[in-house]
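Nothing in this text is a laboratory measurement; each read-out follows from the coordinates by a stated rule. Here the structure is a predicted model, which means the values were calculated and not measured. With ideal geometry, Cβ positions are generated from the backbone for all residues, glycine too; neighbour counts draw on all protein chains shown.
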Amino acid sequence: MELKTRAFRCGMLMSLTLLLWACQSQSAEQTQPSTEPTLNATQDRQDTTPPAPNQQPSTTQPSQKTQVAYVKMTIKDKGDLIIELDLKEAPKTCENFLNLVKEKFYDGIRFHRVVPEFVIQAGDPQSKTLPMGHPALGTGGSGKNIKFEPNNLKHKRGAIGMARAQDPDSASSQFYICLEDLPQLDGNYVIFGRVVEGIEIIDQVRVGDTIEKAVVLEKWEPKKKSPPSK
């Protein structure tokens with residue numbers, strides 16, 4: 001009788017153990033995080049949404065939005081800078097800059113700040129009339145501020161960013177171009193593009209140099225390098 005009782009208890013214990021294991025497995029399957037890709041600030045929905053089950057992906061690809069824009073900035077007696085704007089990483093900042101260029105806001109503005117091995121800075125409309133060195137230089141703007149737009153762009157040599165006051169949302173029209181890599185500024189100011197042609201000119205800019213004109217280019221292609229002479 002005692003042996004039958006022990007066998008019955010063992011059987012019940014094994015049954016309960018198997019039942020508990022089954023419940024734990026089902027719970028784990030229900031609570032396991034989804035592996036579906038998610039949409040974030042640097043991804044396009046069309047790149048992250050998988051096709052529906054049992055549905056063949058479309059062979060017609062949707063048109064891609066333009067990811068970059070180009071501005072040619074002519075500096076008097078120095079030459080042309082070609083600036084590539086990153087519309088994907090800094091859309092609002094780029095839109096503000098492009099609108100100002102189209103309005104010819106920067107035409108005639110002078111570089112009021114040059115710090116060797118650091119930055120050159122321009123964009124204050126007061127530089128058109130005030131003498132260089134005037135204490136008010138560096139305080140002017142377009143009359144419109146833009147919100148701080150954090151992104152993944154870095155302060156590399158030739159990068160262009162928005163100058164601002166202590167308030168992160170105080171950027172307006174003043175911009176700077178990095179003369180060197182400045183990783184200590186990453187995350188504190190908004191980078192929105194880079195110089196892709198004429199980068200040697202930024203080392204030649206001096207306080208008082210004038211932006212003759214800035215225009216938006218419909219397209220730009222890098223110059224082909226000449227083959228080495230034999």
Q) How large is ³J(HN,Hα) for each residue in the stretch 140-150, as worked out from phi by the Karplus curve 6.51 cos²θ - 1.76 cosθ + 1.60 (θ = phi - 60°), to whole Hz, x for Gly and Pro? A) x, x, 8, x, 9, 9, 10, 6, 4, 10, x
Q.
Compute and list, largest first, the equivalent-ellipsoid semi-axes of the stretch 115-182 from the alpha carbon gyration tensor, each √(5λ) rounded to a whole angstrom.
A. 21, 17, 8
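Please work out how much length the chain gains when fully extended from Asp203 to Gln184, using 0.36 nm per residue of separation minus the C-alpha to C-alpha distance, in nm with one decimal. Write out the running numbers ahead of the final one.
Numbers: separation 19, 0.36 × 19 = 6.84 nm, distance 2.05 nm.
Computed gain between Asp203 and Gln184 is 4.8 nm.
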Q. What residues of the stretch 94-117 lie in the reach of a label at Leu130, counting those whose backbone N is under 18 Å from a point 7 Å from the Cα along Cα→Cβ?
A. 106-115
Q: Could you list the residues of the stretch 90-129 with an amide nitrogen less than 15 Å from a label point located 7 Å from the Cα of Lys213 in the Cα-to-C-beta direction?
A: 101-109
Q. Residue-wise, which Karplus ³J(HN,Hα) couplings in Hz belong to the stretch 77-82, taking 6.51 cos²θ - 1.76 cosθ + 1.60, θ = phi - 60°, and x for glycine or proline?
A. 6, 10, x, 9, 9, 9
Q. Per the Kirkwood treatment, what hydrodynamic radius in Å, one decimal, follows for the stretch 68-217 from the mean inverse distance over all distinct Cα pairs?
A. 15.0
(Q) Please compute the Kirkwood hydrodynamic radius over the stretch 63-121, one decimal place, Å, based on all pairs of different Cα atoms. (A) 13.2
